[in-house]
Amino acid sequence: MQLSVIILNYNVRYFLEQCVLSVQKAIQNLDAEIIVIDNHSSDDSCAMMKQRFPHIKLIENKENSGFPKGNNIAVREAKGDYLCILNPDTVVAEDTFEKILNTQYWQLNTGIIGCKLIDGTGNFLAESKRGIPTPWVAFTKIFGLYKMFPKSTLFNKYYAQHLAENQTGKVDILVGAFMIMKRELYNQLEGFDENCFMYADDIDLSYRALLLQKQNYYFHETTVIHYKGESTVKDATYMKHFREFMNFFYQKHFKRSVFFNLMARFGAFYFSIVKVFKGKSKPKVKPAQYILVSDNEALKEKLVLKLQKSVERIPLENGKIVISQTISKAKNTEVILDTNYLGFKKAIVFLEENKIKSLTFKLLPVESSFIIGSNSSDDRGEVIII
């Protein structure tokens, strides 16, 4: 078997469903399998998998065993020569796996390959490519120095800014939301380190590949949506976890850093103060108008009843989604992309090309009865059953 796609799920039932649907489309021309491992979710993720995807291997953990252990359990069941570690809150294009598996970058010393990730608003996710987070590099990340001096080699290493988002090349660290490697390498590395519950596990795995003289690559020629979720909110709790897991990484590979520990503690205090002054997060603003990209008039009428607002349906024009400038510049416009009509790749491309503040997006997954999306990489997004 060529490829095994491993999806570790925890309480994101609808995102998981959309993810599996997109992966199914992406492996149609490959000898591949999907393995979903559930970390004892309290929602109906497992029931959904059994009902909708009875042919897909489902592993049900009796406890939340964390990201590393969960993936290691699933990989032991995998048959593919290549492994893809994939988050459930992702959407892949129909040609994502074919492009990566057929790339010229697979050589004897290739380690892990990642790809371009965007959030639910179409914005590039900088963690798609990163450098080794030494104490100094982590310091530049905590205090945003990489933003102030993006071209400085002294400050821009955390997000590997020597490479542009649309430039393929070697990087040190890749993100666990999407990474592909040979199963042989995964086994050689003995998988993710189960002493790390989450956060630093992908950093550790990427770094250990480098220690084996492997070269990791960021591959920009395919784009995957990663909705991310609430775990990315930059507050004092985030800083606490960031410090704990970076210290885990330092203790394992370098030595405990007093400098980093002090700076991270100060960073946690700083973010807690910022949060106090920010106050409560603003409530979500409901869209003033909706655009449906589809050929399905019945779907439009269904959405009108559900959303209690007018919905303008537009078809493709010469294979492209064309929205007038008047509509695109209007405030609070939500575009609903019917992937039954468009496919996932065109939907992903549209998000990338229309990342403007006035537009938000939701996808209707193939053969599904819900629309799903996120207006911010700091929250879990929204699901509307139709």
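The values are calculated or read from the model by the stated rules, or taken from the named source; none is laboratory data. Since we're looking at a predicted model, the values are computed, not measured. For neighbour counting, all protein chains shown are included, and Cβ atoms are generated from backbone atoms with ideal geometry for every residue, glycine included. Note: accessible area is taken over every heavy atom of the protein model, side chains too, but ligands, DNA and RNA are not part of it. Shrake-Rupley method; radii C 1.70, N 1.55, O 1.52, S 1.80 Å.
Using helices alone, I'd like the mean residue ellipticity at 222 nm for the chain: each DSSP H run of four-plus residues gives -39500 (n - 2.57), total over residue count, nearest 500. Kindly include the intermediate steps, with their values, before the conclusion.
Details: 14 runs with 135 residues, N = 386.
Per the formula, -10000 deg cm²/dmol.
Shape call for region 92-224 from the C-alpha gyration tensor, a ≥ b ≥ c root eigenvalues: rounded (a/c under 1.5), prolate (a/b greater than b/c) or oblate?
Oblate shape, in that a/c is at least 1.5 and b/c is the bigger or equal ratio.
Mind pulling the angle between the C-alpha long axis of helix 344-353 and the longest principal axis of the chain? Nearest 10 degrees, somewhere in 0 to 90.
80 degrees
Multiplying the sequence separation of Glu312 and Leu154 by 0.36 nm and subtracting their Cα-Cα distance, what value in nm do you get?
51.9 nm
For Glu77 and Lys147 in one chain, what is 0.36 nm times their gap in residues minus the Cα-Cα distance, to one decimal in nm?
21.0 nm
Note the full-extension length gain between Asn102 and Lys62 as 0.36 nm times their separation in residues minus their Cα-Cα distance, in nm to one decimal.
Answer, rounded to one decimal: 10.6 nm.
Residues with amide H under 5 Å of Met179's amide H, sequence separation 5 or more or different chain, H placed in the peptide plane at 1.01 Å from N; which?
The answer is Ile85.
For the chain, what D do you get in µm² per second when you plug the Kirkwood radius from alpha-carbon pairs into Stokes-Einstein at 20 °C and 1.002 mPa s?
Reported coefficient: 98 µm²/s.
Pairs of alpha-carbon atoms within less than 8 angstrom and 6+ residues apart define the contacts here; what relative contact order does the chain have, in percent?
For the chain, the relative contact order is 17 percent.
Give the angle, between 0 and 90 degrees and rounded to the nearest 10, that separates the Cα long axis of helix 297-307 from the longest principal axis of the Cα atoms of the chain.
So the inclination is approximately 70 degrees.
Once you order the gyration tensor axes a ≥ b ≥ c over the Cα atoms, which shape class does region 1-85 get: rounded for a/c under 1.5, otherwise prolate or oblate by comparing a/b with b/c?
Oblate is the answer for region 1-85, as a/c is 1.5 or above yet b/c matches or exceeds a/b.
Once label points are set 7 Å from the Cα along Cα→Cβ at both Asn109 and Phe370, what is their separation, rounded to one decimal in nm?
The answer from the label model is 4.7 nm.
Ignoring everything but the protein chains, give the 1.4 Å probe accessible area of Asp89 in square angstrom, nearest 10.
Ignoring ligands and nucleic acids, Asp89 comes out at about 20 Å².
Using amide H atoms built in the peptide plane, which far-off residues or other-chain residues are under 5 Å from Leu8 H to H?
So Leu8 has HN proximity to Ile37, Leu86.
I'd like the Karplus ³J(HN,Hα) series for region 360-365: coefficients 6.51, -1.76, 1.60, θ = phi - 60°, whole numbers in Hz, and an x wherever there's a Gly or Pro.
10, 9, 9, 10, 9, x
I need to check one value: relative contact order of region 1-88, counting alpha carbon pairs closer than 8 Å and at least 6 residues apart, in percent.
Computed over region 1-88, the figure is 47 percent.
Rg and Dmax in Å for region 1-160, alpha carbons only: what are they?
Cα-based Rg and Dmax for region 1-160 come out at 17.8, 53 Å.
Please give the Cα centre distance for region 349-365 versus region 130-208, rounded to the nearest Å.
Each part's Cα centre sits 27 Å from the other's.
Assigning unit charges at the beta carbon (Lys, Arg +1; Asp, Glu -1) and nothing else, what dipole magnitude in debye, to the nearest 20, does the chain show about its Cα centre? Could the numbers behind the result be given before it?
On the way: 50 positive and 42 negative charges, 308 e Å.
It comes to approximately 1480 debye.
Step through the residues of region 218-224 one at a time and calculate ³J(HN,Hα) from phi using the Karplus curve (6.51 cos²θ - 1.76 cosθ + 1.60, θ = phi - 60°), rounding each to whole Hz and writing x for Gly and Pro.
9, 10, 8, 7, 9, 10, 10
Using +1 at the Cβ of each Lys and Arg and -1 at the Cβ of each Asp and Glu in region 79-182, identify which of Gly131, Thr153, Phe97 lies farthest towards the dipole's positive end.
Farthest along the dipole direction, towards plus: Thr153.
From the phi angles alone, apply the Karplus equation (6.51, -1.76, 1.60; θ = phi - 60°) to region 11-28 and give each ³J(HN,Hα) in whole Hz, x where the residue is Gly or Pro.
6, 10, 3, 6, 5, 4, 4, 4, 4, 4, 4, 5, 5, 4, 5, 6, 10, 4
Could you size up the charge dipole of region 28-85 around its Cα centre, putting +1 on the beta carbon of Lys and Arg and -1 on that of Asp and Glu, and report it in debye to the nearest 20?
Charge dipole of region 28-85: 100 debye, to the nearest 20.
Of all beta bridges DSSP finds with both residues in the chain, what is the antiparallel percent, to the nearest 5?
Roughly 35 percent of the DSSP beta bridges within the chain come out antiparallel.
For region 45-128, taking Cα atoms only, what is the radius of gyration to one decimal and the Dmax to the nearest whole Å?
Both quantities, over Cα of region 45-128: 15.4, 42 Å.
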